[in-house]
Amino acid sequence: PKPNQNFRRTWNREEWSAKAQERESHDRAASKLHHEAKLAGKKFHRPPTPPDASSTSARASRLNLEENLNKTTLVPAGAGVGKRGRGAGFYCEACDLTFKDSLQWVDHLNSKQHLHAVGERDEVVVATLEMVVERLAWLKRRREEEGVGGEEVDLARRLAERARAEEEERVQKREKRKVARRERKERERKLGKEAGFGSGDGDRAGGGGEGDEEDPDAVAMARMMGFAGGFGTTKKRS
Amino acid sequence: MAHLADAKALLDNRGHYTGQTFHGVNPLLLVEKIIRERIFESLYWKEQAFGLNAATLLDRAVELTYIGGQYSNQRPTPFLCLTFKLLQLQPSREIILVYLNDPDFKYLRALAAFYIRLTWSAVDIYRTLEPLMGDYRKLKVRGMGGWRMTYVDEFVDELLTKERVCDIALPHIKTRAMLEDADELEPRESLLGSEVESEGESDVEEDKGANSGDE
């Protein structure tokens, strides 16, 4: 086995130290602002929204709340505590917060705090009449293209298709049953040859045909005395 | 001019609401407190009814497949959530009429009719909703007891006569008789028109007329 090589340096030192410097300077600037406000006796206010923030609009696609369901992942220790930083659950990149609950998560995505962090104002553009009319026309066109709705439901055709499907299913089942019965008969015959005595236990329905060859009384007597499986094992073959 | 993304800001109870009032109150208060709270806590409201304006609401409205108030364990239907959204957005008259008059989407029409009944004045309600009595399309209703079927014209009739529809107590408006007496409204002209007058004459006509309220 190869010796553990994880101690070798695979990362770029300069790049990461530059990142660390940047983060530290940001933190220092922020804490400086807090400190100044405190000294002046005033409350520290979040910096105002930049004028080029875009206005909030509706979600174009559904949120995917189930993608990590039933998945097991490795997380760093302390992942269950508090909201800050990456942990187990829904993680928000922009705000560096983790949420354990899907409802809390959606609430956060709608919150002022998050919208500002993503660069959106928490206001929605008012729609004008033209926009409404245009949107409705677009939706109609899209619906026609998809071909949904408005299709004539041909009951006769659907019934015919359903009948055909059922017939196919029935045929398949019959085939399967035949194969299964044939297999069981093979097994019975083999056992019967080995034992010369009762049929294998447990196969009641399938062994019906086979069991008639042996004397049913002898079989019953043998089973009572414990000779049911012949010279083989009495373990139940399912 | 913009809508606030968060509807809760419009529910300031200190009395500072400065927007348009309907029936004398903040329109969001037309819905009872319990129902309001349930709407705010529902996933549909948070995920899909967030950040809509009158145009993007159409995306959601055309995806509606049933009307109703609350269903199973007191969950609000998407229909109810979108009605509440309309109450928050308070679109103009023309926009609502666009919603109402669109012939392709019947649930959008039901939504617009519901909004009209909740917010417009009595005369306008009767004038605008009575022509919808000619729409015989089916609607699915989901309620606490399960699924049901109704028709667009039955739904409109419920809106005009009943007191509580889709778990919202409808604001009181004067009955048609009172308005006619006060001369604010013309006497009702049924869509069946001449068929009603000649009803005594032939049996065929009677069977043809579906829901004539004026016998």
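Two numbers describe the Cα atoms of the range A:1-47: Rg and Dmax, which are 19.8, 65 Å.
When you filter the GluC sites (Glu not before Pro) in the range A:11-76 for DSSP loop state and at most 10 other Cβ atoms inside 10 Å of their Cβ, you are left with A:Glu66, A:Glu67. For the range B:60-155, the direction-averaged projected area of the alpha-carbon convex hull comes to 6.0 nm².
For the range A:55-125, what's the relative contact order in percent, using C-alpha pairs closer than 8 Å and at least 6 residues apart? Intermediate results must be reported in sequence, preceding the final value.
Values: 68 pairs, mean separation 23.8, N = 71.
That works out to 34 percent.
Backbone geometry of the range A:107-123 corresponds, through the Karplus equation with coefficients 6.51, -1.76 and 1.60 at θ = phi - 60°, to 3J(HN,Hα) couplings of 4, 5, 4, 8, 6, 4, 4, 5, 4, 5, 5, 8, x, 10, 7, 8, 10 Hz, x marking Gly and Pro.
Counting each DSSP H run of 4 or more residues in chain B as -39500 (n - 2.57), what helix-only mean residue ellipticity at 222 nm follows after dividing by all residues, to the nearest 500 deg cm²/dmol?
-11000 deg cm²/dmol
Which pairs break 23 Å Cα to Cα here: A:Lys83/B:Lys46; A:Lys112/B:Lys85; A:Lys71/A:Lys112? Violating the 23 Å limit, Cα to Cα: A:Lys71/A:Lys112. Heavy-atom accessible area with a 1.4 Å probe sorts A:Ser57, B:Ser190, largest first, into A:Ser57, B:Ser190.
Annotation for the range A:87-179: trypsin sites (Lys or Arg not before Pro) lying in DSSP loop with at most 16 further Cβ atoms inside 10 Å of their Cβ are A:Lys100. Could you compute the FRET efficiency for A:Arg13 and A:Arg84, with r as their C-beta to C-beta distance and R0 at 35 Å, rounded to 0.05? For R0 = 35 Å, the calculated efficiency reads 0.85.
For the chain pair B and A, the buried solvent-accessible surface (1.4 Å probe, both sides summed) amounts to about 2800 Å². Legend: translational diffusion of chain B by Stokes-Einstein, Rh = Kirkwood radius over C-alpha pairs, 10 °C, 1.306 mPa s; D = 86 µm²/s.
To the nearest Å, what is the center-to-center distance of the range A:73-107 and the range B:150-172, using C-alpha atoms only? Taking the Cα centre of each part, the range A:73-107 and the range B:150-172 sit 45 Å apart.
Computed over the alpha carbons of the range A:55-125, Rg followed by Dmax gives 13.5, 44 Å.
Taking amide H positions as modeled 1.01 Å from N, with prolines and chain starts lacking one, the residues under 5 Å from B:Arg137 and 5 or more places away or on another chain are B:Val152, B:Asp153.
The values are calculated or read from the model by the stated rules, or taken from the named source; none is laboratory data. Just so it is clear, the model here is predicted, and its values are computed rather than measured. So basically every Cβ, Gly included, is an ideal-geometry build from the backbone, and we count neighbours across all protein chains shown. We work out accessible area using only protein heavy atoms, side chains counted, and drop any ligands, DNA or RNA first. Shrake-Rupley method; radii C 1.70, N 1.55, O 1.52, S 1.80 Å.
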